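Please see the structure below; I have some questions.
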């Protein structure tokens, strides 16, 4: 690491040049796919099938047929993921790394990382020392945590499955660039952070040592296979979203053209057009012209002709369209392991807590899997924060872990009842409180502090001493004491009575 602190050391320009060019090719290769994912999340979908000679009325129905549910499917797992603490076995309470987390506003920005990784399959976070040139007065040992989307960043790994950190990574600010309109970028390796200007080629504008000894880039992926490939949620449901838009268009067409009863009339006596003198107005061929009847739901048709016949064509049912839309929505929920009642409200009503938990069992297992993957990545981020601040022990520690907020559907009463039973079994109170919904790590630390400051013994409250009083909670759990002597003696009295009775019978 000492060598990396010297910016004047010679570097292998050829190797860096090859890595930068390869990274640009990989970003360009994945741009079309990831840009499609981004467009579908934002509602910019491919248009449903439209006939060539469509009138403006039909085109308006096409425009209104887009029904984007992809953001709702992404929201379901994203809303269940929130880091609220970090624990190291050698530190009581939140370690110093948590201060860096708060100073970088990661309570808010972590959701952006989770959402981007779930959408496109990957997201990236970098941790580097603060730059006093860009932020005058800032401490160089203050970590800066920055987040990047996969569409604008590429990281190269020696072993993408085993390696915690990549060999190098490249970020570009814009995917569209040229010599006339270049874009800026950053290249990371295990020694420096390079500032780039990228057009048809690229130029290195400067470099800054970070002194970490590893490439300070952490990858977030919800699911990774043994080939090192990852796929987001959106890419697998794009075709289903196109089908859904087509079904909504069919429903709108059916509602617009055949959704109402059609009234018919034959044998009507048309009304001739006349001028101000009462003379009939003739057309170009000398034939009289007639006033077209006004047909709308508020019009009553009247005809003096006794041969006129009125009729009505029934409206076309739309239930089949609605059932097909619901079926496809359920299928999209099944593919993404999203509980159907998240999107189809009213289908699962008045369910018990056990039934609701059963309906969300697959979703809960999916969230656990994502937490394992994202948790490892956040631990790497916080370990890099410790390394930037000069805490080598905090970086080398292997058994630290992040604390996830409890986003389950358990009621507070159930959690408190279970926590009370655990406390009576001897589980420490501060550990029990971490399992109670709504208790953050700051709340648990405050409870621990107050329990440590409270006196160990307290005077018995006045009143009825025969009523059972719950034991005072302690950090080490509930105290298991032996029953009082009077209670033990009372329990032994029936046995002594039986023995005395047997002896009296023997004497007789």
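The values are calculated or read from the model by the stated rules, or taken from the named source; none is laboratory data. What you see is a predicted model; the values in this text were computed from it and never measured. A quick note on method: Cβ atoms are made from the backbone with ideal geometry, for glycine too, and the neighbour counts reach across all protein chains shown.
Regarding region 129-138, can at least one residue be identified that is in contact (Cβ under 8 Å) with a residue 60 or more places away in the chain, in contact with a strand residue (DSSP E or B) (Cβ under 6 Å, 6 or more places away or on another chain) and outside any helix (DSSP H, G or I)? Steps first, please.
Step one: of region 129-138, the residues in contact (Cβ under 8 Å) with a residue 60 or more places away in the chain are 129, 131.
Those left that are additionally in contact with a strand residue (DSSP E or B) (Cβ under 6 Å, 6 or more places away or on another chain): none.
The answer is no; no qualifying residue exists.
Then there's this: Can you say whether residue 442 is at pLDDT 75 or above, farther than 24 Å from residue 355 by Cα and either loosely packed, with under 15 Cβ neighbours inside 10 Å or out of contact with any helix residue (DSSP H, G or I) (no Cβ under 9 Å at 6 or more places or on another chain) (or both), as far as the supplied structure shows? If you could, list the steps in order and put the result at the bottom.
On the way: at pLDDT 75 or above: no; farther than 24 Å from residue 355 by Cα: yes; either loosely packed, with under 15 Cβ neighbours inside 10 Å or out of contact with any helix residue (DSSP H, G or I) (no Cβ under 9 Å at 6 or more places or on another chain) (or both): yes.
No; evaluated as a whole, the condition is false for this residue.
Next question. Would you confirm, using the coordinates I've provided, whether residue 67 is closer than 30 Å to residue 177 by Cα and either exposed (fewer than 12 other Cβ atoms within 10 Å of the Cβ) or touching a helix residue (DSSP H, G or I) at 6+ places or on another chain (Cβ under 9 Å) (or both)?
Values: closer than 30 Å to residue 177 by Cα: no; either exposed (fewer than 12 other Cβ atoms within 10 Å of the Cβ) or touching a helix residue (DSSP H, G or I) at 6+ places or on another chain (Cβ under 9 Å) (or both): yes.
Spelling it out, it is not the case that residue 67 is closer than 30 Å to residue 177 by Cα and either exposed (fewer than 12 other Cβ atoms within 10 Å of the Cβ) or touching a helix residue (DSSP H, G or I) at 6+ places or on another chain (Cβ under 9 Å) (or both).
Quick one: in region 161-175, of everything that is farther than 16 Å from residue 214 by Cα and touching a helix residue (DSSP H, G or I) at 6+ places or on another chain (Cβ under 9 Å), which residue is surrounded by the most Cβ atoms within 10 Å (Cβ to Cβ)? Spell out how you get there, then give the answer.
Initially, region 161-175 is screened for residues farther than 16 Å from residue 214 by Cα, giving 161, 171-175.
Restricting the remaining residues to those that are touching a helix residue (DSSP H, G or I) at 6+ places or on another chain (Cβ under 9 Å) gives 171-175.
Values: 171: 22, 172: 24, 173: 13, 174: 12, 175: 13.
Among those residues, the one meeting the criterion is 172.
Something else about it: Out of the residues in region 300-311 that are under 14 Å from residue 266 (Cβ atoms) and modelled with pLDDT of 80 or more, state the one that is surrounded by the most Cβ atoms within 10 Å (Cβ to Cβ).
At the first step, the residues of region 300-311 found to be under 14 Å from residue 266 (Cβ atoms) are 301, 303, 305-311.
Next, only the ones that are modelled with pLDDT of 80 or more stay: 303, 305-311.
On the way: 303: 16, 305: 10, 306: 6, 307: 9, 308: 14, 309: 11, 310: 12, 311: 9.
Checked region 300-311; the qualifying residue surrounded by the most Cβ atoms within 10 Å (Cβ to Cβ) is 303.
Hey, does region 291-299 have a residue that's at pLDDT 85 or above and surrounded by 12 or more Cβ atoms within 10 Å (Cβ to Cβ)?
No, that holds for no residue.
Table: residues versus (1) outside any loop (DSSP other than H, G, I, E, B); (2) touching a helix residue (DSSP H, G or I) at 6+ places or on another chain (Cβ under 8 Å); (3) at pLDDT 90 or above; (4) exposed (fewer than 14 other Cβ atoms within 10 Å of the Cβ).
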site	(1), (2), (3), (4)
159	no, no, yes, yes
190	no, yes, yes, no
200	no, no, no, yes
207	yes, no, yes, no
213	no, yes, yes, no
218	yes, yes, yes, no
222	no, yes, yes, no
228	no, no, no, yes
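Within 23 Å of the chain's Cα centre (by Cα) and at positive phi: does that describe residue 93?
Values: within 23 Å of the chain's Cα centre (by Cα): no; at positive phi: yes.
When the stated conditions are applied, residue 93 does not pass them.
While we're here: As an exercise: evaluate residue 253 against (1) assigned to a loop (DSSP other than H, G, I, E, B); (2) touching a residue at least 60 places away in the same chain (Cβ under 8 Å) and give the number of the one condition it does not meet.
That leaves (1) as the condition not met.
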